[in-house]
1. Within the stretch 127-142, restricting attention to residues that are more than 14 Å from S188 (Cα to Cα) and without any contact (Cβ under 8 Å) to a residue 60 or more places away in the chain, which residue is surrounded by the fewest Cβ atoms within 10 Å (Cβ to Cβ)?
2. I'm trying to understand the selection: among the residues of the stretch 293-311, which are surrounded by 12 or more Cβ atoms within 10 Å (Cβ to Cβ) and closer than 30 Å to A228 by Cβ?
3. When the residues of the stretch 179-225 are narrowed to those that are of a type in the set (K, R) and in contact (Cβ under 8 Å) with a residue 12 or more places away in the chain, which ends up farthest from C18 (Cα to Cα)?
4. What number of residues within the stretch 293-341 are within 30 Å of P181 (Cβ to Cβ) and either part of a loop (DSSP other than H, G, I, E, B) or over 38 Å from the mean Cα position of the chain (by Cα) (or both)?
5. Hey, any hits in the stretch 163-176 for a residue that's assigned by TED's automatic domain parsing to the domain that holds L98, touching a residue at least 24 places away in the same chain (Cβ under 8 Å) and closer than 24 Å to M80 by Cα?
6. Please work out if L280 is in a loop (DSSP other than H, G, I, E, B), aliphatic (A, V, I, L, M) and under 30 Å from Q264 (Cα atoms).
7. Return only the number of the condition from (1) under 20 Å from T19 (Cα atoms); (2) surrounded by 22 or more Cβ atoms within 10 Å (Cβ to Cβ) that A161 does not satisfy.
8. When you check F54 against the structure, is it over 30 Å from G119 (Cβ atoms), more than 22 Å from the chain's Cα centre (by Cα) and in contact (Cβ under 8 Å) with a residue 12 or more places away in the chain, yes or no?
Amino acid sequence: MTAHARLSASGSQRWLNCTPSLLLEEEFEDTTSDFAKEGTLAHAVAELKASKYFLKGIGPKNFKKGMDIFKQDELWNPEMDRYTDDYFDYLKSLSIGLIGRPYVAIEKKVEYGEWADEGFGTADCIMISGDALHVIDFKYGKGVPVYPEENTQLMLYGLGAYASYGFLYDIKQIYLHVVQPRLDNFSSWGLTIDELLKFGEYVKGQSSKAIAGEGDFKVGEHCRFCRAKAVCRARAEENIKLAGFTKIEPKTLTNEEVGKYLFQAQDLKKWVSDLEEYALSESLAGREVLGWKAVEGRSNRKITDELGFAEILVGAGFEEAVIYKPKSLETLSNLEKLVGKKELAELGKELIIKPQGKPTLVKLGDKREAITNVISAEEAFS
């Protein structure tokens, strides 16, 4: 087995919906971003904290040693400590609320090869209590909210966990949890074991097509992380059709049409961005892209030694009161790190407010409550 499953759980949204994308993606290099590396570090910190509480063998000395190593990483940020605490608090609260002491596994490798050839993945946390199996997934990203409902990655983890523990426990109910603390997203969703196994049968059929490269290319949200997204012909044709000019009757669109075209236009915007990123990488690699080239972008001037420059200006006769900005408080985020989340909230309870956020358009699946008649569109965009 390789380090990453070919039919990976994290990529399942793609190969389940667009079966031929599996083979197409393999023609492109798999790259790792700094965001992914940051997520890997956060998961390692979260694993250490959960293991110290739920498993044996990690005492205070080893825990401190491990944390000290993490804090030396160039991607470490003090807020990572707080957000991984939020994840640990969720696990602890969940376990305490279950009947009796649950069985707990941390960073458990689960195999779902019975449904998808050689498929496996790593579940961040698994808890079993009575006839209920809980799969908890820690998401450190803050770009896109992730929810557990019909989440194919978590459902595959559920199948793998059932394959591992189904003969030991009479599992009847599956609960999938997403902990995404940077977006204040703590959500869960339940389904029966029969519903999960029905999903497994669907996976069997789709995974067989994916391995064989069969089926039709299908454009959708799953294109977001596809390695072939910039040059996929099916996606290009879909967006080119949208970009074409057609006569619309009557003169104005209905709200139904507005919603439909907005969904499509979002991918058109993403597709153009993907094309630009791909063309830039090709140009930087020395390969010609017709009509385009890579150049050095604009940059802002910066002072390399502020103290030294200030001394030069004072020596030239300028007063400090003129060359320095007025004193101002640190940001609330930095003060929170300094004082503590609960302590700062108590100290500033009379002076800290959270203004109403600017109205933002999102898809119906978003968990936030819908609002109406708050301010006019003109005020919102002013």
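The values are calculated or read from the model by the stated rules, or taken from the named source; none is laboratory data. All figures in this text were calculated on a predicted structure; none of them were measured in a lab. Virtual Cβ from ideal backbone geometry, glycine too; neighbours counted across all protein chains shown.
1. Taking the stretch 127-142 and keeping what is more than 14 Å from S188 (Cα to Cα), we get 128-131, 140-142.
Going one step further and asking which of them are without any contact (Cβ under 8 Å) to a residue 60 or more places away in the chain, we end up with 128-131, 142.
Working: I128: 18, S129: 19, G130: 14, D131: 11, K142: 14.
That would be D131.
2. We begin by selecting, within the stretch 293-311, every residue surrounded by 12 or more Cβ atoms within 10 Å (Cβ to Cβ); these are 294, 309-310.
Selection gives A294 alone.
3. R182
4. To start, the set of residues in the stretch 293-341 that are within 30 Å of P181 (Cβ to Cβ) comprises 328-341.
In the following step, the residues that additionally are either part of a loop (DSSP other than H, G, I, E, B) or over 38 Å from the mean Cα position of the chain (by Cα) (or both) were identified as 328-331, 340.
Qualifying residue count for the region: 5.
5. Yes, the stretch 163-176 has at least one match.
6. On the way: in a loop (DSSP other than H, G, I, E, B): no; aliphatic (A, V, I, L, M): yes; under 30 Å from Q264 (Cα atoms): yes.
Judged against the criteria, L280 is not a match.
7. Looking at each condition in turn, A161 falls short on (1).
8. Working: over 30 Å from G119 (Cβ atoms): no; more than 22 Å from the chain's Cα centre (by Cα): yes; in contact (Cβ under 8 Å) with a residue 12 or more places away in the chain: yes.
So F54 does not fit the description; no.
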